Amino acid sequence: MSILDRVAELRAAGREVISLCAGEPSGGAPRAVRALAATPEASGLGYTSALGLRPVREAIAEHYRRWYGLDLPADRVAVTTGSSGAFLLVFLAAFDPGDVVVLARPGYPAYRNILTSLGCRVVEVACGADVGFQPTPELLDDVRREHGRVAGLVVASPANPTGTMIDRDRMAALAAWCATNDVRLVSDEIYHGITYPADPGAPDAHGVCALDVPGTESAVVVSSFSKYWGMTGWRLGWAVLPQDLLAGVDALAGNVALCPPAPAQYAAQGAFSDEGYAEAEERVAALAETRQVLLGRLPELGWGPVAPADGAFYLYAALGDRLGRYASSVEWSTDLLETEGVAVVPGVDFDGATGHNYVRLSFAAGADAVDEAVRRILRFQERLAH
């Protein structure tokens, strides 16, 4: 966020800056969502149920039938103030102070920050290129041997910052490990649908839902309208809850936020229309083209190792010897922004151990912006080499 603030300052001063740092798809909400937002019904709503409008919960349940073939009761869906609100409520309901909760490193820093603020003991597991940047049962066994009982495991697929995905066999293995060891699995699936499969018609093309493998009766799935439908500022997400967390999340939601934003809930029903899905798919197709532009230019950049970016819209890569004279990617990224007007995110937010050599690029800015940004980065690196 500090980088985004600096981007705004430079632009206000008249600089032309290419931002490849925001986790925000371009285009905004689908037209069907905006049309509903403009109706009198949307503006006239007061408080809703703490867990959201019933038609929205039903539409989300139908979404799981459409994408995953899951018969999901709408009563298990809690609509939240973004996925951030879902994580806060779920972590509060599922874990107690002192509980050990395991995260992959690199990973989204808000998991760690929310859990730590609630008094949980966060254990980060180093998940490098050798394990596809995702946890394995063997790594989790090491955690149990060192820390004793584990209360929770948070996974993300596609993941931020790496874009890596957990396939069906691996999700089943993680779920089985959690079931065997009485560990609550929390699966972040907010980037589902923003995927680049070889066969778009394959059964798991949107991503593997954790609820669609055996042994996940106690699991929680968190998702959002922010990424696939581009509704970041609408602050609307959801959690699919097991029976034992429903009452707790309901009670907490009424105290934390009373209810999710009512106009956003009403308008979000348009996301589940045929037009809403079609518009989102068009944007994913554009992201796929931009991804190919970026991957095609990687050899010129000379970075590595590089996460595969199977989903989401990020590229996470080690700078290697391209780091040059800089102590870390923080200084490298700062100088790149100031001299070339290109904003990327240093990896330290995502990995406090090795992130000093990594950067994350968001290619949601589009193919032209990415192509020009790479040209500037190459010029920047060329100067470093001399």
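Can you tell me which of TYR47, TYR64, TYR68 is out of contact with any strand residue (DSSP E or B) (no Cβ under 7 Å at 6 or more places or on another chain) and open to solvent by less than 20 Å² (accessible area, probe 1.4 Å)?
The match here is TYR64.
Rundown of residues vs (1) without any contact (Cβ under 8 Å) to a residue 24 or more places away in the chain; (2) buried (at least 20 other Cβ atoms within 10 Å of the Cβ); (3) not basic (Lys, Arg), yes/no style:
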{"position": "ALA257", "(1), (2), (3)": "no, no, yes"}
{"position": "PRO263", "(1), (2), (3)": "no, no, yes"}
{"position": "ASP274", "(1), (2), (3)": "yes, no, yes"}
{"position": "ARG291", "(1), (2), (3)": "no, yes, no"}
{"position": "ALA309", "(1), (2), (3)": "no, yes, yes"}
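Open to solvent by 30 Å² or more (accessible area, probe 1.4 Å), at pLDDT 95 or above, over 20 Å from VAL240 (Cα atoms) and not hydroxyl-bearing (Ser, Thr, Tyr): which single residue out of PRO97, PRO73 fits that description?
Answer to the selection: PRO97.
Report, ordered by the first and then the second residue, all pairs with beta carbons closer than 9 Å, sequence separation of six or more or different chains, a first member in segment 217-228 that is under 14 Å from TRP67 (Cβ atoms) and free of Cβ contacts under 8 Å to residues at least 60 places away in the same chain, and a second member that is part of a strand (DSSP E or B) and β-branched (Val, Ile, Thr).
Between residues of segment 217-228 that are under 14 Å from TRP67 (Cβ atoms) and free of Cβ contacts under 8 Å to residues at least 60 places away in the same chain and residues that are part of a strand (DSSP E or B) and β-branched (Val, Ile, Thr), the close pairs are VAL221/VAL186; VAL221/VAL240.
Just the residues that are surrounded by 13 or more Cβ atoms within 10 Å (Cβ to Cβ) and part of a loop (DSSP other than H, G, I, E, B), please, taken from segment 1-44.
Within segment 1-44, VAL17, LEU20, CYS21, ALA22, GLY23, GLU24, PRO25, SER26, GLY27, GLY28, ALA29, PRO30 meet the criteria.
Need the failing condition index for ASP130 against (1) closer than 22 Å to PRO346 by Cα; (2) surrounded by 15 or more Cβ atoms within 10 Å (Cβ to Cβ); (3) not aromatic (Phe, Trp, Tyr), just the number.
Here ASP130 clears every test but (2).
Just need a number here: residues in segment 56-98 that are under 16 Å from GLU189 (Cβ atoms), in contact (Cβ under 8 Å) with a residue 40 or more places away in the chain and of a type in the set (A, V, I, L, M, F, W, C).
10
Taking ASN160 as meeting all but one of (1) without any contact (Cβ under 8 Å) to a residue 60 or more places away in the chain; (2) in a loop (DSSP other than H, G, I, E, B); (3) open to solvent by 10 Å² or more (accessible area, probe 1.4 Å); (4) not hydrophobic (A, V, I, L, M, F, W, C), write down the number of the exception.
(1)
If a residue has to be without any contact (Cβ under 8 Å) to a residue 40 or more places away in the chain, among the small types (Gly, Ala, Ser) and assigned to a helix (DSSP H, G or I) to count, how many in segment 326-372 make the cut?
Counting residues in segment 326-372 that are without any contact (Cβ under 8 Å) to a residue 40 or more places away in the chain, among the small types (Gly, Ala, Ser) and assigned to a helix (DSSP H, G or I) gives 1.
Could you please find all residues in segment 317-356 being farther than 15 Å from LEU378 by Cβ, among the β-branched types (Val, Ile, Thr) and open to solvent by less than 50 Å² (accessible area, probe 1.4 Å)?
VAL345
Hey, among ALA175, ALA251, ALA179, which residue is of a type outside the set (D, E, K, R), open to solvent by 50 Å² or more (accessible area, probe 1.4 Å), in contact with a Gly (Cβ under 7 Å, 6 or more places away or on another chain) and modelled with pLDDT of 95 or more?
None of the other options fit; the residue is ALA179.
Could you go through segment 375-382 and let me know if any residue there is open to solvent by 10 Å² or more (accessible area, probe 1.4 Å), acidic (Asp, Glu) and within 20 Å of PHE133 (Cα to Cα).
For segment 375-382, residues open to solvent by 10 Å² or more (accessible area, probe 1.4 Å), acidic (Asp, Glu) and within 20 Å of PHE133 (Cα to Cα): absent.
ASN181 versus (1) farther than 23 Å from ALA110 by Cα; (2) within 20 Å of the chain's Cα centre (by Cα); (3) not charged (D, E, K, R): which is the lone unmet condition?
Only one criterion in (1) farther than 23 Å from ALA110 by Cα; (2) within 20 Å of the chain's Cα centre (by Cα); (3) not charged (D, E, K, R) is unmet by ASN181, namely (2).
The values are calculated or read from the model by the stated rules, or taken from the named source; none is laboratory data. Model, not experiment: these values are computed from the prediction. Glycine also receives a Cβ, built like all others from the backbone with ideal geometry; neighbour counts cover every protein chain displayed. Calculation scope for accessible area: heavy atoms of the full protein, side chains included, ligands and nucleic acids excluded. Shrake-Rupley method; radii C 1.70, N 1.55, O 1.52, S 1.80 Å.
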